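J.: Quick one: the structure is below, and I'll ask about it shortly.
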Amino acid sequence: MTIMPVIVMIFVFVPSIILMISMPYLTRETISFGVTVSAVQFHSEPLRQMRKSYARISATLHTILFIVCIICLIYGDEHSKQQSWIIVTYSLAMVVISLVINISYHFKMKSLLPMLPIALEPSIIAVDTGFRKRNINLSSKWFLIHVFIIVVGIVTVLLNYELIPDQIPIHYNSSWNVDGYAAKSYSSVFMPTIMQVFLILVFIFENWSIRRVKQQVQPTDPNRSIRQDVTFRRTWSGFMITASFLVVILLSVVQLNMISLLNINFAIPIVLIIIAFIILYALALSFWAGQGGSRLEQSADHSNFRPVHDDDKWLLGMIYFNRKDPNLIVEKRFGVGWGLNFGHPVCWLIFLGIIVLLVVVQQGLEVSTRLNRYINVCGNRR
């Protein structure tokens, strides 16, 4: 038995559990479990108790599941793929439990809404006409640094390709001993590079979307809500660029280890530190700013105006589907960040593109592997 899988579980999943448990406290004070409310309603005693109940139930279930997973890892076979399956199963179970809790509390919130203090409908809508002119996010030119690192990695692999062993390590057990190999080919050694390019495109899209997401300005205190929103976007734009840079470094380390230019004992600590830093960074930003910057410059004066709402466009309070909304990216109602408008045709084109890319990469790997085997067979016959 090795303690390493347990350490990985603690660094990776404990922050995620904390974030899920704290979800109701991180959303805007005009959103409660995916339902639009006023600030007065949000801070009313019934909703205070609901948030406490959510946190208590979520903490209990996730803690039990986490302990069960740790026990399975401790007593599992470290020399097989059993531990990998345990972690995958735990991840799926964690997502399912979170979804079930969120959906149940969403319906509970909808049934409780008529019994809360009556909220007034706003007579005006505030709009920041200078929104697009503000310095909302960091420039995507920062990603040129990431591209430079990828180019350096490509050159390094090409210069050392003949020195790469015929069998490349691609999987390790919990003791960090190799238990999976792939035949040397350009597609296999450049798989981390393909992942780097794909992830950079994803992060560039995320950074671009930060500026495009429609702004939510509170009519009762528009200046404060604008400052909150701008700070929130700039902060998360910085996170996108930093996290993308670290992911590129991580995959470069993995690639150098695959081609035997970096020792596994040096690579593993770097990988774990990078993963832990990204997760803790996201957790800290979530608690510091909240959704849309709602935890910044908090006011003791709570408005009883219920914002203009479109609850009927949110399926289960989590999935936004509105064909009439031209915005592709919208602010989440559960958790912190942004999501897609599933009623926008571009959204489905994105999913189709991802599926096509995965199929092309998979087919490319198979063709490359077969070609490499054919070349080796021909070489042996000679």
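The values are calculated or read from the model by the stated rules, or taken from the named source; none is laboratory data. As the structure is a computational prediction, the values presented were derived from the model and not from experiment. All Cβ positions, glycine included, derive from the backbone under ideal geometry; neighbour counts span all protein chains shown. With ligands, DNA and RNA removed, areas are computed over all heavy atoms of the protein, side chains included. Shrake-Rupley method; radii C 1.70, N 1.55, O 1.52, S 1.80 Å.
J.: So, by mean Cβ neighbours within 10 angstrom, what's the order for 193-205, 317-329 with the highest one leading?
T.: Top to bottom by mean Cβ count within 10 Å: 193-205, 317-329.
J.: Order ILE67, ILE264 by their accessible area, 1.4 angstrom probe, all chains in place, largest first.
T.: ILE67, ILE264
J.: Taking K and R as +1 and D and E as -1, what net charge do the other residues with C-beta under 13 Å from the C-beta of ARG234 add up to? Kindly include the intermediate steps, with their values, before the conclusion.
T.: Numbers: positive: ARG134, ARG211, ARG227, ARG233; negative: ASP229.
Neighbour charge sum, excluding ARG234 itself: +3.
J.: Order SER260, SER38 by their accessible area, 1.4 angstrom probe, all chains in place, largest first.
T.: SER260, SER38
J.: Let me ask something else. Using 1/(1 + (r/R0)^6) with R0 = 51 angstrom and r between the beta carbons of ASN265 and ILE118, what's the FRET efficiency to the nearest 0.05?
T.: According to the calculation, E is roughly 0.20.
J.: Between beta-carbons, use under 11 Å as the cut-off and find the net charge around PRO326, counting Lys and Arg +1, Asp and Glu -1.
T.: Values: positive: ARG212, LYS214, ARG323, LYS324; negative: ASP325.
Net charge around PRO326: +3.
J.: Then there is this: If you count, for each residue, the other Cβ atoms within 10 Å and average over each peptide, how do 246-255, 221-230 line up from highest to lowest?
T.: Sorting 246-255, 221-230 by mean packing, highest first, produces 246-255, 221-230.
J.: Here's something else I'd like to know. Run the numbers for ILE194 and LYS214: contour at 0.36 nm per residue of separation, minus the present Cα-Cα distance, in nm.
T.: Extra length available between ILE194 and LYS214 comes to 4.0 nm.
J.: Say the cut-off is 20 Å between C-alpha atoms; which of LYS141/LYS332; LYS108/LYS324; LYS52/LYS313; LYS214/LYS313; LYS108/LYS313; LYS110/LYS313 go over it?
T.: The pairs that break the limit, which is 20 Å between Cα atoms, are LYS141/LYS332; LYS108/LYS324; LYS52/LYS313.
J.: In addition: Counting Lys +1, Arg +1, Asp -1, Glu -1, what net charge surrounds LEU138 among other residues with beta carbon under 11 Å of its beta carbon? Write down the numbers at each step before the final one.
T.: Values: positive: LYS141, ARG211, ARG233, ARG234; negative: none.
Once positives and negatives cancel, what remains is +4.
J.: Mind listing which chymotrypsin sites (Phe, Trp or Tyr not before Pro) in the stretch 1-43 are in a DSSP loop and have 14 or fewer other Cβ atoms within 10 Å?
T.: The qualifying sites: there are none.
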